[in-house]
Amino acid sequence: MQQVKGNKKFIDGCFSCIHDGLVDILLRLDTWKELPVDRLKILQHMALFIFSTHVSDVIPEKKLVKMLLDMLHLSPLLYIRGKRIMLVDVLKEQSPSSLSSWLFLREAIRDRNLMINNYLKRLNDIHSRDWQTIKDTLSCWVASFHSTVHPVAELLSEGWLRIHQKKTIQGLVVAYRLQLLIQSILDLHALLEVPIKREKLKSLCHMIISLKVLEQTFQTKGSDMIKSLPHTINIIQADLEQIILPSKDMLQIEVDKRSQINQLGIFSSLTRRKETDTRLTDSLSLVHMLLQMLQGGGSHKRQLIFLNILDVLQSIGYLNIDFTRVRKLTSKLWTLVGFQAISSAVVDSSFLYWRREMMGSLFSMVYVEVGRFSWLHRYLIDAFSDGLKLLKLGQVGKHTLEAYQNEIEYGVKNEIIIPLCRDIENDLRLHVHSTYFKGSVVVNPTKTGVRNLAWYLAIKPLHLSFKFIDISSHVENYLNSAFYNHSTMPTYDRKIYLEMQLLAELKYGLMLDDVYFVGNSMVHDIGINETVQDLCAFTKNYTYNIIKQVFIDKIPKGKNRKNLRLIGVEDITHSVSIHGLQVIYKASDSIQKFLEQMFTNLSPLLKNKCRTDSSNDYILKNNKEIVSRLPFLKQDHEASFLEPLNVIMSQIGNALGLVRILLAGSSRHICNISRPTLDMSFEESYQKLGLADEILEAGRVMDKAIAEKYEPVARMESFSDFINRFVKEHPFGTEDHAKDLSQIVPSIIVNLVSAQVRYKDNLLSDHDSENTLYMHDSLFMGVAFALKVSAQESSFDALNWFGSARQSLEERISSLELTGSSKAQDTNSRVGGSLARWKLWSQTSPIPLEIQKGLDECIKYQKEIELVEYVLNAARAFIS
């Protein structure tokens, strides 16, 4: 060290080397000419500077100090293997104590944070300025690279090799520039705690994907590139020879001239001539060595010798060689020779390990935008998986590797799979519920957009570096669990979840498990015998739904109950499977007797009916104006007559509904069971097999049981046969009082419609919280059956009551609307001022409150009458 310290020429040479090297590098920083090794060379020059200051304790020249300050401002930090190296901190910690008193170091330490902030701003400016250019360059490069790089055997011309060389270096430069921007921006935002805006985060995500696209391109064309590299290296070596060979020829001529002069002995004693001869011969020898180093394959050892020779030759200063161009070609040669190592380094995204908190944000961002979801499948997961390479390089323990693997897997499941499962479940739920509850689901695709969730399920399983994740399987497991869990508590959702299960298969291709949902009713133990034995209580305590074919338990007034007992077709099927079909046949006979009893009770009620021309409407007694406005609402029968009539009609309808549900349940049971063939009995089969008497007796018992079980099948009749048989056998249609039944039906309808409107108004206004609104399908089922039995169907149709009701309501609504608009116009005409008139003209004219109430009332009656007509027509269709 003492010898080095005393060698001023050596120290000056070190400072000169640092200055010239930094000048060359700083001119290329943050430009398209920057090479992947430039920033590493900055660290090398920094190390040489620290070494020089340690051995010399000499204050550098001002131009070198200025160059160092420029370097610190342009690149205050470097990244090696994704880790940050602060150059100011390196100078502060590694420089000798004497350097701490130097002004430039104190200024650098003082402005450390300011330099970092300015560097982040400059990076953001570079990102905004160059990102579009990088995208365009990358797109063009990928397309041209795939078209130019192909197997060497196909084409091996000098022009192709030069294009290949240019594209290779260009790809490395673009990759390095992307990598530098990504890791610098992410790291500095985290270091300075500056939040990243969403748009910038999107572009950073795009840059990460572009980096992996470059990696995939290099891997795809890797074999072809490796095969062509020797030829490309030879091209660069040939270019270097073309620059050096003229100098060799010139030196050789000078040496020949000098040798001739020396032979003549002229000026041979002069010292100056000897020095000139030494420089000449040394230069010629060095040139020969340069050319010899260019003859090999371009290994790192040869390149190192070549660079050392070039430095010595340049220091002699005898030749006029374009050393700048030589060094540029040497840099290209160095890049191509180390292509594999450099390419793997510039496309490596292991630095994301230090920024793994961004994983969730990037994954969720990619999931939201369907068009970019392929990024996750192909590139984004690979980018974060590169962190495993860094961990393995550091020889960490098994638990650390597994922890990072679990972190990646958790990010994929939590940010991709779970939101996808929820979105698919919500989509299925909205789709199904929109068919049941009109207006409850309002989706505007122009505002919310339309997402094709099926696309997520169509992609291949996600390939993590340590396992595969099948998105479709995860979604299926989630829906299986969700449908089962949701359906076990609210049993009324059973059909909805069955439809969601079917829709998931049709819309998304998901093969869900067959979940055995709980049935419609609270229990399956429906005793048909007990129900039939007390038909009067059953028909009073239940209400029938003609479309769903289900009986709903009525809640007594004043009682609050959380559960309702439902009896549906499946309950009957379950009961038949236990008790057999014989019970259905017996139930039909009992129901027929019950219907006969109901018509027997109906006859005296019709005979003793009270008629009066001046009677007021019982339901509408507080609103007599409606009857005057809507004549069809006038009823000719008192409530004392209509109330028991409605009860009898409802019981008749419930009894008929029970017949329908019993027949439907038995038919489903017959379809479900595997009925044995009766061509040969068990007893005959056992006799042919020669089995013992005990087995023959068991066969006889089995044959008898099967015969008893399936005997009613042949005797079972359809619902229409049951109706026709009852009409023929019952004399109700021949009685005189039955001929006026068609005149009573409008009063029944008016009574029900008025009650329904009043009940609904009370429920909405909460005036009578104990009122419960039930369906009246059983009432109209009984009315339809009574019309058929009494042969009054054509007489009721001749009344055309529903048509006249619709016409009267439409006329009333039109009249009210016309009256309301005329009154609104009169109000507008009385408003003074042109500005006020203009405002009223631009708005919809308000309708007076009284007229609006009348309109709302008519619309309510219109809807209720329309519903009654639908139900009555459906009942008549089933009974006909």
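Numbers below:
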read-out: Under Karplus coefficients 6.51, -1.76 and 1.60, residue-wise ³J(HN,Hα) of segment 128-140 in Hz, glycine/proline x; value: 5, 6, 9, 4, 5, 5, 5, 4, 5, 4, 5, 4, 5
read-out: Per-pair calculated FRET efficiency, R0 = 45 Å: ILE578 and LYS413 via Cβ, rounded to 0.05; value: 0.45
read-out: Added length on full extension, which subtracts the Cα-Cα distance from 0.36 nm per residue, ASP761 to ILE59; value: 242.9 nm
read-out: Across LYS33/LYS221; LYS167/LYS202; LYS413/LYS495; LYS167/LYS200; LYS33/LYS167, pairs whose alpha-carbon gap is larger than 20 Å; value: LYS33/LYS221; LYS167/LYS202; LYS413/LYS495; LYS167/LYS200
read-out: Out-of-range pairs (alpha-carbon distance over 31 Å; input LYS66/LYS248; LYS332/LYS389; LYS332/LYS460; LYS607/LYS860); value: LYS66/LYS248; LYS332/LYS460; LYS607/LYS860
read-out: Sequence of VAL23, VAL326 from largest to smallest accessible area, 1.4 Å probe; value: VAL23, VAL326
read-out: ARG422 accessible area, 1.4 Å probe, all protein chains in place, Å² to nearest 10; value: 130 Å²
read-out: Karplus (6.51, -1.76, 1.60) ³J(HN,Hα), θ = phi - 60°, over segment 9-16, in Hz, Gly and Pro reported as x; value: 5, 5, 5, 4, x, 5, 4, 5
read-out: Distance between modelled label sites at ILE695 and ASP89, nm, 7 Å Cα→Cβ extension; value: 9.1 nm
read-out: Fully extended contour minus Cα-Cα distance, from ASN529 to GLU241, at 0.36 nm per residue; value: 92.6 nm
read-out: Exposure of ASP239 as accessible area (Å², to 10), given a probe of 1.4 Å and all protein chains; value: 30 Å²
read-out: Length released on extending from LEU329 to ASP553, taking residue separation times 0.36 nm less the Cα-Cα span; value: 71.3 nm
read-out: Long-range amide H partners of VAL550 with built H, under 5 Å; value: ASN545
read-out: ASN452 versus ARG422: modelled label distance in nm, points set 7 Å from Cα along the beta carbon direction; value: 2.5 nm
read-out: Under 5 Å, built H, 5+ apart or other chain: amide partners of LEU77; value: LEU87
read-out: Efficiency of FRET from Cβ geometry, LEU43 and LYS257, R₀ 45 Å, rounded to 0.05; value: 0.40
read-out: 5 angstrom amide H check on LEU510, placed H, neighbours 5+ away; value: GLU505
read-out: Phi-based couplings in Hz for segment 717-732 (Karplus 6.51, -1.76, 1.60; Gly and Pro marked x); value: 10, 7, 5, 5, 5, 4, 5, 5, 5, 5, 5, 5, 7, 9, x, 4
read-out: Cα centroid of segment 28-45 to Cα centroid of segment 63-103, whole Å; value: 15 Å
read-out: Shape category assigned to segment 305-445 from the gyration tensor of Cα positions, a/c cut at 1.5; value: prolate
read-out: Probe 1.4 Å, accessible area per residue of segment 88-137, Å²; value: 55 Å²
read-out: Candidate aspartates and glutamates for bridging to LYS392, where Cα separation is under 18 Å - those fewer than 8 sequence places away on the same chain excluded; value: ASP348, ASP382, GLU402, GLU407
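The values are calculated or read from the model by the stated rules, or taken from the named source; none is laboratory data. Here the structure is a predicted model, which is why all the values come from computation and not from measurement. Note that each Cβ is placed from the backbone with ideal geometry, even for glycine, and that neighbours are counted across all protein chains shown. Side chains included, ligands, DNA and RNA excluded: accessible areas come from the protein's heavy atoms. Shrake-Rupley method; radii C 1.70, N 1.55, O 1.52, S 1.80 Å.
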